[in-house]
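**Student:** Below you will find the structure I want to go over with you.
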Amino acid sequence: MIVFPDEVRELAEAVILDHDGRPRNFGTVEDATHQAEGYSPLCGDRYSVSLRLQSNVVREVRFHGFGCAVSKSSASIMTEQIKGGTVEAALNRLALLEGALRGRSAVDLGDLAHLLGVREYPTRAKCALLPWRALEAALAGRNRVEVL
């Protein structure tokens, strides 16, 4: 088990609570080109992700729904990190997060690194991945994904 110094843990908690209490890009994209819902039947978290792509670039992205602080923070951070980037860059961020949650390198995660404290708890790690799986489903043209 990884033990984080108190200062690191406190900073991570502060970032998570900030995104939970003041989520960025919360709502729906009215002229969305892609949209999907992510649902976790284990905990009841449910988020819809809507985005507008133009020339393979994420021009607008928002999320809507409800869930725990970890899933909401992850969704909020996700929207900040992928907006203005390419679809490939967004999917690469998902792969980096997934790898880091499985114990691989946490290189270049930005604020997502604050979620890594949950990696010792598989159910909580799924909370962090839920909005990203909804994004992945939207980009693949699927309307819904369940994360078990």
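**Student:** Residue by residue through segment 14-46, note down the ones that are free of Cβ contacts under 8 Å to residues at least 12 places away in the same chain and farther than 20 Å from residue 81 by Cβ.
**Tutor:** 30, the sole residue that qualifies.
**Student:** Moving on to the next point. Out of the residues in segment 55-91 that are basic (Lys, Arg) and in contact with a Leu (Cβ under 9 Å, 6 or more places away or on another chain), which is farthest from residue 33 (Cα to Cα)?
**Tutor:** Filtering segment 55-91 for residues that are basic (Lys, Arg) and in contact with a Leu (Cβ under 9 Å, 6 or more places away or on another chain), the one farthest from residue 33 (Cα to Cα) comes out as 83.
Every number here is computed from the coordinates shown, using simple stated rules; none is lab data. Note that the structure is a prediction, hence the values are computed from the model and not measured. We place every Cβ from the backbone using ideal geometry, glycine too, and count neighbours over all the protein chains shown.
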